Structure formats: C-alpha cells, structure tokens
C-alpha cells in the first residue's frame, strides 16, 4: 500500500504543476478580461464626457446632432445596465453607479434644455452651465472607475501571488513528502529484502525441521484451533489416514470422520507453556493412542500441535493382563469360597455365578458321578435362562458314552457350534440343541483316579473359549479337592459324632446337643435306655453276638421314635431326646417303645421324663437315668437267670 502511495505521489508533482499553470492562466485571462471591461467602461465614460462637450458646442453654434445624442443615450444606458451588443459590462461599484444615476438625470435635463434652445435660441448660458456640471460628474465618474480598476488589478495581482505561493508550498510539501516516502520506500525495500532473506532462511530451516518430523513413525499434525483447518500433517499421518493434500480439510473430518468439531476436542485445555497428555481410541483407524497436545503459533495462526503414539498393542496387553488378573482373582475367590463354605453345593452355586459372569456364559454347572450315574448337582443361569438342573439327574453312563470316551482321552469338550455335531453326533446334537445350547465347554475332573464329574459353561463368549477352558481345567482340580474334602469331613463327622455300630449319634454329639438344647425354652421329653443282658451275651456268645443285640435294640428305638434324636452314650446305654413334644404324645412314644421291647428277644430298661423347658434338660436326664436303673432292677429281679443287676 505504501509503495502504491509513493508511486502515486511521484506522479502528483507534475500534475500539481499543470494544475497550477492552468489555474494561473485562467486567473490571468479572467483578470485581463475584467481589466479590458473596466478599461472599456473608463473609455466610454470618458467618451460621454468629451462627446457631451462637443454636442453642447455644436448646439451653441446651431449645429444640431441628434445622432450624437442617440449615441450618448445608448452609451449611458450601457454603462448603467450593461450592453452585450456594445460589449459594455456593468461596473459593480456603488459610488460609480450612483454618479451614473445622477448623470442620467442631468443628461435628461441637458436634452430638455437643448430642445428649448433649438426652439427659442435663449438660455444659452444655462445650457453651458448644465454641460459644465455634467462634465464634472463625468470626470468624477472616470476617476472613480480608474481607482476601482486599479484596486481590481491590485487584488488580482495579490490573488495570483497567493495562488502561486500556495501552489509552491503544496509542491514543496509534496516534494518533501515524496522524498520522505522515497527514503521510506528504500528502507522498506531493504527491509523486505532482509525479510525475504530471513524468510528463505526460515523456510530452509522449516524444511530441515520438517524432515525429521516427516521421518517420525508417530502421527503428527497441526490444526487451527479456531477454524479447525489442517495446517500440517506429517508423512506418517498422511499414510495412516490416506491423505494426499490436507489443504482445506478439517481435522475432525479427516482424522475422526465426524461432520462437526469433536465433543472431546481439547482446545480449551491447551496452553503454550504445558503439554496436555490424554488417550483416545480413533474410530477411523481403530487404534488407541497416547496423545500429546500443545498450543503453538504456526505461520501467524494460533494452532494445536498433536503427536500421537500408537499404544494399541500395549493397551491390548494391558487389557489382557487386567482380564487375566481379574480371572485369577475370580479363581482365588472361587477357591476361597470352596474352602470357607463347608456346604459344598452352596459354595459351587456361588462360584458358578462368578465363573459364568466373567466368561459371559448363559449357564454354568457341575455334574457329579456316583454309582455309574451322573447328576447335575449345582447350576447358575443368567437372568432369563431356564434352569435345567431338574432335568439332568441320574443320567446313565451308557447314554453319554461320548463324554466318557473323551474323558478317557484326557480331553475337554469344546464345541464352538453345535451344528457341527449334526450327522455323526446326531444324538448329542439333539440333546444340546433341545436345551438351546449353541456352544459349550465341558472339563472333567477325577475322583480317586476315576471320572468324578465335570464342570461346564453353555453359550459363553466366543472370544474367551481358550481362556475359559484353561480356567476350568485349573478350577476342576480344586472342585475335586473340595468334593474329596467334603467326603472326608462327612467321614470325620461320622467318626466324631456317629456311632459306627448303631448309626446313632455318639457320646460326643450327645454332650454338644445337650448344651445347645439347654439354652432353649421349648418342651422336651427324655428317655434313658439300657439294653439288658449284654454282658452275658458277650461272655457266652462273643462280642459279635453282643453287637448284633445292640443293633437290634437300636433298630427298635429307631422304628419307635422316628422324630427323636438318638444317642449311644455307653456300651449298652442309649438316650433319646425329643424336643418340641407334648407330654401326652411323648408318653405314647415311650409306651410304644416299651411294648416293642417286650415283644422282641432284645430287652431293655427304660426310664423317661418330660418337662416344659429345655433349660432343665440336665436334671431331666438325671431323673430319667435314675428311673432307668429302677426299671432295670425290676427286670433282673423278675429274670434272675439273666444275671445280677449292676449299678
């Protein structure tokens, strides 16, 4: 702009000079025209003065001259009002015009006096006097016109001088301004040359800087934070997003595939002093990236520079590790549940829920093999899935030969699509499809070296098939241990609390139950029983016969008191505790028990007691014990051959 203005100013000077010359010329011509007009006015005013004197002389000599009178009329009228035909202009001078007006009146008087003089020849002196008076006014008018003309000439001269000076000043100012602009232009040219040199140097440096950026394997781009225009994309980014030319592209469209700015755009969080780090999954190239953003100036525009590091693989490894850790934690939780919860089936139901959810299955279950029959003993189903546990009880080994064949081969059953079973395994296909099973995993576990059962998942996620099989294979070992522990606990329970001969509770359980019952307020009936003749049977027929006697007595007690708690508290002593029983009902039970003993070869002494509260249980037991001894004494008194009564 300055360069254009400077070039224009250079052309203005000649233009101003031309304008000055033309203006001065026009002013000079106008002044000359005015001077000519004024000179003509002065001349005509003088003509009136001289012609009037001549006319008077001719009239006084009796030489009439009407032509001259007419000429004087036209001239005077032209001076008063202007006459284009005679080229007489009106002089705009008030005093001069005033004298002309007086001269017009006096001229009228002179013409009147001439007319009288011509007719009578008298008043010669008056005519002469009027002419002299008129001459004086004409002479005065000439003087005024001359003075006025001089003033006009002086004004024109002064105005011309002012105009010339003004033009000279303007020319000088323009010249000075042009000179300054020329100096400035030269400085600007020098600055532009320097800037061009620096720009070229910066361009070379920029190219040198962009070379390693383009060689980067990471994506790097620059975008205007206000317009979202892509300002730069390195070669890695162009290749990754298939960009040939980024000019005119919006970052959100080219890099994210959106039609409007991204909702997660970090522009508002950026600064020039800090790098903003975040992560994002790109929907266009389906990768996960660690992003580092910073606010920069890019060729005079406020822009965002972003470098993207592909962490897709590490993220997948991280997710896989997290899944593995989660599964390991689930496995630990499952193992903990199996060992903390001694109700094995309840524990299995709980752990099956954990396993089914982590592998996104519809159903998780455990089958247990016993006596050549397999039953579904635990099951978890996702909401909306129909349980099948009731339909999968006591399954024959013969009907599932294929499963056992695979077990013999130490293989898990992994079916990704049950439709693959059609034809060769039609029976298995119909069995599974009938339960709406599309895919499944079955992993067997052992029990004392034989097939003990299996754990399975139905319709689990396809992506976790291999992981699920490994998990179940590991977990199946702990199921085997839990089942074995449960069996061992049952054995220990039987050994600790059960009498192996009679299958009644033993003395240990008797002591424990008495303590528990003693804390309750319910009614209770107690019977103390002693089998008679045990020592004599042992002595005469051996302990096997004695054991058989005890078993017979136990069977009588079991059949007579099916709802009571039965204990063998000594060699031939038994206790029956019946909680929550009315007195009359209890007495009927005891009577039935006595009647049965009386009918059988096995005889027994029975003592019993009933009370309203279990809190008196120990006293009631002592009372029943005492009554049992009384009954036993009566028996031996009546049957002396059975041996002496022993207290």
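I'm checking my understanding of the structure. Among residues of segment 134-164 that are surrounded by 15 or more Cβ atoms within 10 Å (Cβ to Cβ) and more than 17 Å from residue 97 (Cα to Cα), which one is nearest to the chain's Cα centre (by Cα)? Checked segment 134-164; the qualifying residue nearest to the chain's Cα centre (by Cα) is 160. So in segment 353-376, with the set limited to residues that are within 24 Å of residue 489 (Cβ to Cβ) and free of Cβ contacts under 8 Å to residues at least 40 places away in the same chain, which one is nearest to the chain's Cα centre (by Cα)? Here the answer is 354.
If only residues of segment 614-647 that are in a loop (DSSP other than H, G, I, E, B) and surrounded by 13 or more Cβ atoms within 10 Å (Cβ to Cβ) are counted, the one that is modelled with the lowest pLDDT is 645. Checking the structure you have, find out if any residue of segment 81-98 is more than 30 Å from residue 160 (Cβ to Cβ) and at pLDDT below 75. Scanning segment 81-98, I find at least one residue that is more than 30 Å from residue 160 (Cβ to Cβ) and at pLDDT below 75, so the answer is yes. Of the conditions (1) more than 25 Å from residue 612 (Cβ to Cβ); (2) modelled with pLDDT under 90, residue 558 fails just one. Which one is it? Condition (2) is where residue 558 drops out. Evaluate the following for residue 50: is it surrounded by fewer than 16 Cβ atoms within 10 Å (Cβ to Cβ), touching a helix residue (DSSP H, G or I) at 6+ places or on another chain (Cβ under 9 Å), within 20 Å of residue 142 (Cα to Cα) and in the same structural domain as residue 121 (by TED's automatic domain parsing)? So residue 50 fits the description; yes.
Scanning segment 325-345 for residues that are exposed (fewer than 12 other Cβ atoms within 10 Å of the Cβ) and either outside the structural domain of residue 384 (by TED's automatic domain parsing) or part of a helix (DSSP H, G or I) (or both), we see that the one that is farthest from the chain's Cα centre (by Cα) is 340. When each of 427, 468 is tested for being over 19 Å from residue 387 (Cα atoms) and either free of Cβ contacts under 8 Å to residues at least 24 places away in the same chain or not assigned by TED's automatic domain parsing to the domain that holds residue 405 (or both), the lone residue that passes is 427.
Okay, residues lined up against (1) touching a helix residue (DSSP H, G or I) at 6+ places or on another chain (Cβ under 6 Å); (2) buried (at least 16 other Cβ atoms within 10 Å of the Cβ); (3) part of a helix (DSSP H, G or I):
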{"residue": "383", "(1), (2), (3)": "no, no, no"}
{"residue": "393", "(1), (2), (3)": "no, no, no"}
{"residue": "405", "(1), (2), (3)": "no, no, yes"}
{"residue": "427", "(1), (2), (3)": "no, no, yes"}
{"residue": "445", "(1), (2), (3)": "yes, yes, no"}
{"residue": "455", "(1), (2), (3)": "yes, yes, no"}
{"residue": "487", "(1), (2), (3)": "no, no, yes"}
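If I filter segment 101-114 for residues that are surrounded by 15 or more Cβ atoms within 10 Å (Cβ to Cβ) and not in a helix (DSSP H, G or I), do I get at least one hit? No, there is no match, as no residue in segment 101-114 is surrounded by 15 or more Cβ atoms within 10 Å (Cβ to Cβ) and not in a helix (DSSP H, G or I).
Between 497, 493, 505, the distinction of being farther than 28 Å from residue 635 by Cβ and surrounded by 14 or more Cβ atoms within 10 Å (Cβ to Cβ) belongs to 497 only.
Checked against (1) surrounded by fewer than 18 Cβ atoms within 10 Å (Cβ to Cβ); (2) farther than 25 Å from residue 497 by Cβ, residue 597 passes all but a single condition, namely (1).
In summary, residue 476 fulfils each of the numbered conditions (1) assigned to a loop (DSSP other than H, G, I, E, B); (2) in the same structural domain as residue 455 (by TED's automatic domain parsing) with the single exception of condition (1). Per the listing 239, 318, 253, 260, the residue uniquely over 19 Å from residue 217 (Cβ atoms), surrounded by fewer than 14 Cβ atoms within 10 Å (Cβ to Cβ) and out of contact with any helix residue (DSSP H, G or I) (no Cβ under 9 Å at 6 or more places or on another chain) is 318.
The values are calculated or read from the model by the stated rules, or taken from the named source; none is laboratory data. Here the structure is a predicted model, which is why all the values come from computation and not from measurement. Cβ sites come from the backbone with ideal geometry, for glycine too, and all protein chains shown count toward neighbours.
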